[in-house]
1. Quick one: His54, His36, fewest Cβ neighbours within 10 Å first, how do they rank?
2. Give the relative contact order (percent, whole number) for the range 3-148; include only Cα pairs under 8 Å separated by 6+ residues.
3. Rank Gly84, Gly125, Gly21 by mean-square fluctuation in a GNM of the chain with C-alpha springs under 10 angstrom and give only the top-ranked residue.
4. Could you state the angle between the C-alpha long axis of helix 33-59 and the longest principal axis of the C-alpha atoms of the chain, as a value from 0 to 90 degrees rounded to the nearest 10?
5. Between the range 102-117 and the range 31-90, how far is it from one alpha carbon centroid to the other, in angstrom?
6. Which is farthest toward the positive dipole end of the range 3-148 among Met52, Ile130, Gly11, measuring Cα position about the Cα centre, with Cβ charges +1 (Lys, Arg) and -1 (Asp, Glu)?
7. Helix-only estimate, please: 222 nm mean residue ellipticity of the chain, summing -39500 (n - 2.57) across DSSP H runs of length 4 or more and dividing by its residues, to the nearest 500.
8. Beyond 24 Å, what share of the Cα-Cα pairs of the chain is found? Please give it as a whole percent.
Amino acid sequence: MTLEEIVFRLGLASLAGLLLGLDREFRGIAAGIRTHALVALSSALITVSAMMIHHDLALHDAPGSDPLRVIQGLAQAVGFIAAGAIFVSRGNVHNLTSAANIWLAAAVGIAAGAGQTMLLIVGVGFGAAIVTIVRVLERLIPGSIKSGGDER
């Protein structure tokens, strides 16, 4: 993998994370643009590293390397981070959307690291629409908890 390809993949992941964190940042939530950008960047970095290690080992006839195991471990680790962001106060659950958004930042980082640019673009598009447009639509649903309060 060339330096230009590495810079493109990691830069794309960082940009995607920044975009996904915008809604959280605008709403004053701690897991904002920096958090999302760092999660996406680190996911891309781990994915690129796993792919490079797999390629290097394949050149030296070292069977058994599997970059998908790295992605599996990464997904589990991010799940723990996201779960740590969720808390319950006075019977209300908080930060579920932030936790899901962090999970998405990791997923787009993995896609960027794997060079799956179209998958990343579609994922960021849907994710951004969900955290912005869907929030507005939720407020229009009679009886929705979103119509009277904010989940954050």
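Just so you know, all these numbers are worked out from the coordinates, no wet-lab data involved. The structure displayed is predicted, hence computed values, not measured ones. Quick reminder, even Gly has a Cβ in these numbers, built from the backbone with ideal geometry, and neighbours come from all protein chains shown.
1. Values: His54 16, His36 30.
Going from sparsest to densest Cβ surroundings: His54, His36.
2. Numbers: 186 pairs, mean separation 42.4, N = 146.
Across the range 3-148, relative contact order equals 29 percent.
3. Checking each option, the largest mean-square fluctuation is seen for Gly84.
4. The angle comes out near 20 degrees.
5. Using only Cα atoms to place each centre, the spacing works out to 9 Å.
6. Comparing the listed Cα positions along the dipole, Ile130 ranks first.
7. Details: 6 runs with 115 residues, N = 152.
Calculated at 222 nm, the ellipticity per residue is -26000 deg cm²/dmol.
8. In whole percent, the share of Cα-Cα pairs in the chain beyond 24 Å is 38.
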